[in-house]
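Participant: I'd like to ask you about the structure that follows.
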There are 2 protein chains.
Amino acid sequence: MDNHWIAIDWGTSNFRAFLMNHNQCIDSVSAHCGLLSVPNRQFDAALLPLIAPWLAQHPNLPLLMAGMVGSQQGWQEVPYVELPAGGQRFAQQTAQVVTSWGSPCRIVAGACGVNDFGLPDVMRGEEIQLIGLAAQYPQERHRVILPGTHSKHATLDHDRILHFNTFMTGEIYAVMLNHSLLGKDLPEPREDNSAFVLGVQNAQTAPYLSNALFSARTLKLGGVINAAQVASYLSGLLIGSELAALSETQAWIVGSPALSERYMRAASLLGITLISVDGDSCFIHGMNKIYQSLDGAFA
Amino acid sequence: MDNHWIAIDWGTSNFRAFLMNHNQCIDSVSAHCGLLSVPNRQFDAALLPLIAPWLAQHPNLPLLMAGMVGSQQGWQEVPYVELPAGGQRFAQQTAQVVTSWGSPCRIVAGACGVNDFGLPDVMRGEEIQLIGLAAQYPQERHRVILPGTHSKHATLDHDRILHFNTFMTGEIYAVMLNHSLLGKDLPEPREDNSAFVLGVQNAQTAPYLSNALFSARTLKLGGVINAAQVASYLSGLLIGSELAALSETQAWIVGSPALSERYMRAASLLGITLISVDGDSCFIHGMNKIYQSLDGAFA
């Protein structure tokens, strides 16, 4: 019996696939082939060349996909799983899609809940990393930051996701830098730790973000930071503002090493300890947990 | 002796000029001819046709200008007046520019200070409206909202501006609607009061703006608001968030009637009374105060 299968993280901007042998990842591929770049919603045709080398060796490999591929804009919309929920629940709510080459294929749902501020909140993709974190590091309670375009602060109870809050940190950074007065006439930004630190600190004394953001302009006008430092300052301001919402002094952080490092640098200034776990590793563990729970649904 | 002169508010996006006879406005002109639309910084050439009809009747009319025309990107940079300061101080710090047709011309400086959150803050143009408000409605203390792209909350002591806080309300609204996921695939927005009210209210329970903004997406996904209501919801959220920073229950509001009405609607939900004064009227009174204080500097 062939124990190979493929775990796929297909988001708006990026595509990653992991060739699995039972619960081990034995190969991976990534491409800037996000959902938005797929012409005419031909997801099947876009997917095939990305995994063709693996299919050549193992025909009809089962596929398990997660991320925005299960959204309205994706291959097929899969209704959100309502929190609290754990891996078993997500395994029950996968949706089947048909591939032209005969691979059985299922998409895992995202999660929805009510956040700490009484507002509805949603995620697609991060729920897999949370399930994978709980599988790798079992404990009674996790507080977890998943940094990114739409950062998530989640709480786990054993292996169940209880609730989470979204912060639009990465997207606000990008749109303010590229489309607002703050980013006007800037040179190529360079990573600058002193400006980043200043941003993190100022976010603590200036609690209203729409006010604090303007300091990226006034500090440049006043010569406190220069034009090449504005991006780092803005990054510090937004990450510092996000971390100000965290009531714990210790949390896990699950993401890319570069972005996690940035958050850890900010957190250390605020007396917060972040334990970093690789995002891909959590994704693989989470997908494996769900795949094993599917219990022959692919048979 | 000819008592005519011209007061000009020249900003990044708009141009307005008021023909004055002593302290009375007798005519006005406005044009979408902001500084950014002036080719090759030919401000002199851009200005002449806008006021030519007045110059034909009153040659060499003195000009007093305010707004971004005095910034680095404007006709001539005029260093900020440091707060606290009143009309007299602004009259002392005007800068002279030369016009090709012989009109004497001066630009009023903007104001800089340290805001309530310890950060440097700047304004160009709003200081005139504040001076004009104090001239029209003298009292010991004013708390004033000047809504706009970069809203200002200022405090006046008699006729002196003490300090102020900027909120990037209008610009965040525009960039998030036009460039972020929140504004993606929306129909033409329509003014919707129920969505606006919901936004104002949600801003009170969700104090972290980068978190609260995401609800413009999740409430649409959940069918609580529809796509055509997203813009009104976002407006309510941002204005509600700005007003949450106001510690007073009564304040003046100086701006365009349409924008002021929107703020008053939000404020009434929060138990805040706003007294509305027309922005143009404040601008004219403020410029007149400074012009009279110039005391023959134009002679």
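A quick yes/no check of all residues on (1) crowded, with 17+ Cβ neighbours inside 10 Å; (2) within 10 Å of chain B (Cβ to nearest Cβ); (3) free of Cβ contacts under 8 Å to residues at least 60 places away in the same chain; (4) assigned to a strand (DSSP E or B):
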| site | (1), (2), (3), (4) |
| --- | --- |
| A:Asn202 | yes, yes, yes, no |
| A:Thr218 | yes, yes, yes, no |
| A:Val224 | no, yes, yes, no |
| A:Ser235 | yes, no, no, no |
| A:Gly240 | yes, no, yes, no |
| A:Ser247 | no, no, yes, no |
| A:Ser260 | yes, no, no, no |
| A:Tyr263 | yes, no, no, no |
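Participant: Name the residues in the stretch B:161-176 that are within 10 Å of chain A (Cβ to nearest Cβ), over 13 Å from the mean Cα position of the chain (by Cα) and among the β-branched types (Val, Ile, Thr), would you?
Facilitator: B:Ile172, B:Val175
Participant: Can B:Leu162 be described as open to solvent by 30 Å² or more (accessible area, probe 1.4 Å), touching a Leu at 6+ places or on another chain (Cβ under 8 Å) and aliphatic (A, V, I, L, M)? Spell out the reasoning first.
Facilitator: On the way: open to solvent by 30 Å² or more (accessible area, probe 1.4 Å): yes; touching a Leu at 6+ places or on another chain (Cβ under 8 Å): yes; aliphatic (A, V, I, L, M): yes.
In short, yes.
Participant: Something else now. Please state which of the following conditions A:Gly87 fails to meet, knowing it meets all the rest: (1) in contact with a Lys or Arg (Cβ under 7 Å, 6 or more places away or on another chain); (2) open to solvent by 50 Å² or more (accessible area, probe 1.4 Å); (3) among the small types (Gly, Ala, Ser).
Facilitator: (2)
Participant: Of the numbered conditions (1) surrounded by fewer than 16 Cβ atoms within 10 Å (Cβ to Cβ); (2) without any contact (Cβ under 8 Å) to a residue 24 or more places away in the chain, A:Pro120 fails exactly one; give the number of that condition.
Facilitator: (1)
Participant: Here is a follow-up. Hey, among the residues in the stretch B:1-29 that are modelled with pLDDT under 95 and hydroxyl-bearing (Ser, Thr, Tyr), which one's nearest to B:Trp75 (Cα to Cα)?
Facilitator: Residue satisfying both the conditions and the ranking: B:Thr12.
Participant: Right, here's the next one. Counting only residues that are at the interface with chain B (Cβ under 10 Å from one of its Cβ atoms), without any contact (Cβ under 8 Å) to a residue 40 or more places away in the chain and not charged (D, E, K, R), how many does the stretch A:177-200 have?
Facilitator: 4
Participant: I need the strands (runs of 3 or more DSSP E) fully contained in the stretch B:1-54, keeping only those with at least 2 residues that are touching a helix residue (DSSP H, G or I) at 6+ places or on another chain (Cβ under 9 Å), touching a residue at least 40 places away in the same chain (Cβ under 8 Å) and at positive phi.
Facilitator: Details: elements: B:4-10, B:15-21, B:24-31.
Correct list: empty, since no element meets the threshold.
Participant: Quick one: A:Gly118 ticks every box in (1) in contact with a Ser or Thr (Cβ under 8 Å, 6 or more places away or on another chain); (2) closer than 16 Å to A:Gly279 by Cβ; (3) of a type in the set (Gly, Ala, Ser) bar one, so which box is it?
Facilitator: Just one mismatch for A:Gly118, condition (2).
Participant: Collect the residues in the stretch A:204-216 that are surrounded by fewer than 21 Cβ atoms within 10 Å (Cβ to Cβ) and more than 7 Å from chain B (Cβ to nearest Cβ), keeping them in residue-number order.
Facilitator: Those that are surrounded by fewer than 21 Cβ atoms within 10 Å (Cβ to Cβ) and more than 7 Å from chain B (Cβ to nearest Cβ): A:Gln204, A:Pro207.
Participant: In addition: Every residue in the stretch B:280-299 that is surrounded by fewer than 24 Cβ atoms within 10 Å (Cβ to Cβ), in a helix (DSSP H, G or I) and small (Gly, Ala, Ser), please.
Facilitator: B:Ser281, B:Ser293
The values are calculated or read from the model by the stated rules, or taken from the named source; none is laboratory data. All of these numbers come straight from a predicted model, not from anything done at the bench. Reconstructed Cβ throughout: ideal geometry from the backbone, glycine too, with neighbour counts over all protein chains shown. Note: areas computed on protein heavy atoms with side chains; ligands, DNA, RNA excluded. Shrake-Rupley method; radii C 1.70, N 1.55, O 1.52, S 1.80 Å.
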